Structures are given as C-alpha cells and as structure tokens.
C-alpha cells in the first residue's frame, strides 16, 4: 500500500488527525508526514481545519466534520461563545451580533457557514451551524426577516468591490467560498516575517523597491517604538502605509512585557477596528495595544475598559 493510501486509511479509522500522529503511524518524521498531508489536501482527498491544536491544523475526510467539535476547547473565549450561540440557535444574523462575536464567527469557519441572503434589493449576512439542514436554516432566516417569499441566498465570497451573483440556498461547506470571507476591514493576508532589531518588510520585485521607501506610516511607528524603547519581535505589513501588525516587547517596572500591536493609519478608529485587534490578540494570547494618529469613535471609547479590558489605545 502506498504511503498516501495508508494515511487515508488511518484518517478513515481515527478521524481528524495531526501531522505528528501521522508521522508516528507511518514511521516517518513530521516534515515528511506534513508533505504527504499537503499533497492529499491539494488533491482534495483530505480537508484541513481552520481550528488548530498546538499551532497545527487537523486533517480529515468529508463526513467527519462533526468530529471537529471536540477540538473547540482549543479556541479562545470569544470563539467558544460564538460557537455556543450558533450551535444553540442554528442560524445567527450578522447585524444583530456584537462586533467581537462577528469577528469570531469569521474565525470558526469549520462550524459557521456564511450565507448571503438577498431580499427586497437588500443583502444580509447570516451564519448557519455547519450541521444544520438547509431547509431548517431557510425557515429560520425567513422568520428573522419576517417575509413570506422564499429568500435567495448565495455564498459569501472573499471579494473586493465586485458583484455577487445570485444562487439558490445551499451548503457551502467544502467549497473554496466557505474558507474565505471578509471581516470588518479588508485584510490582505501575508506571511509574518520575524526580526529582532528593526522592521523588515516582505521583499518586492526590484522595480518596486523605491515604493517601500514611501511607507511613511511604517517610519512613524518605528520612531514611536524607538522613542518609547519598544522592541519589535515580529512584524507583518498588512497594507502599505495603512495597516501593520507587530509583536513587541514593552519595558515596565516588572520587566519587559509582550504585546500584540495593531497599527492603523486612520483618522478615526471604530469599535470594529478595536474588536478585530482584540480577537487577534486573544488568538496570540497576548494583551493588545492599538496605535493610530487618529482618534477613537464614541462607541470605541465606550468599549475600552468595559468589553475590551485587555486592550490599550495610544495616539501617535
């Protein structure tokens, strides 16, 4: 039996597995086991989870989705709360949720299936429990919208200023559309590059090197860090001249403390901006500091110290 066929048999017998478990079963190292799992995932013979155990995703077969539920213990508190709410209600209306729950629903995509419902020339996002039937979800949505006519739903795709084409209600689990959907702000995913004593951006082709010098916001943040003796442990430029993620060390009377830092170049920081940063900080299990040259909105000011007790805002 080929190694990949053997891996499929193991997953079929055991359910969702980690690369370290496969490595042990096939008598190989984790690197080789991960390579086999990646090939099986690329060929769509296996699926990969969004939830992680010890930093690693789980690999599983179609039909084993319910077995992922026992791993929700590895999620953070807000994600667990969103999970419990969705499990209990089967369908949640995105606009009715508090900002941190809306962000968390987008993170637990193993269990939350996005539906974009169109009715009376309006669109609304709803979240369906991954094991709920489409007919059940449709009835709940109709009840929430207080309409008699059958709503038309379509997958919530990761789009940037493009029209979504109508589609009948269906389960988007297992499709590419189910894996990606927008949060409050559009975030362009890039790998985090670790550095010790400075800010290092992802290398661009030679013709774009001159553009990197124009990232004024990055320079302003670096000056703020230098002035306050803050050490950068890692950085990720999400959007040039607009948004940067850091993990930093901040000096204190009890020694240096690690923080997740979200730097936003905006005139006004909204409650959604804070919620997004707060959830990311929870994922990293770090306190959060948000930096911006702008001011907090009235709603954002109310959230600090009440809902987001482990978050600090600094104007630069």
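Coordinate-derived values only; no laboratory data. Since we're looking at a predicted model, the values are computed, not measured. Positions of Cβ are backbone-derived with ideal geometry, glycine not excepted, and every protein chain shown enters the neighbour counts.
Cβ neighbours within 10 Å, averaged per peptide: list 5-14, 83-92 in order, most packed at the top.
My ranking of the peptides, most packed first, is 83-92, 5-14.
State, as an integer percentage, the relative contact order of region 26-139 based on alpha-carbon contacts under 8 Å between residues 6 or more apart.
20 percent.
Say each of residue 315 and residue 72 gets a label point 7 Å from the Cα, pointing the same way as Cα to Cβ; how far apart are those two points in nm?
4.2 nm
Using alpha-carbon positions, what is the distance between the centroids of region 1-67 and region 95-116, in Å?
After rounding, the separation between the Cα centres reads 27 Å.
Ranking 275, 270, 252 by Cβ neighbours within 10 Å, fewest first, what do you get?
Lowest to highest Cβ neighbour count: 252, 270, 275.
By count of other Cβ within 10 Å, fewest leading, how are 102, 4 ordered?
Ordered by Cβ neighbours within 10 Å, fewest first: 4, 102.
Once both labels are modelled 7 Å past Cα along the beta-carbon direction, what's the residue 226-residue 121 spacing in nm?
Inter-label distance under the simple model: 5.5 nm.
Would you please classify the overall shape of region 20-129 from the alpha carbon gyration tensor, given that a ≥ b ≥ c denote the square roots of the eigenvalues, rounded means a/c under 1.5, and beyond that prolate means a/b larger than b/c while oblate covers the rest?
The shape class here is prolate.
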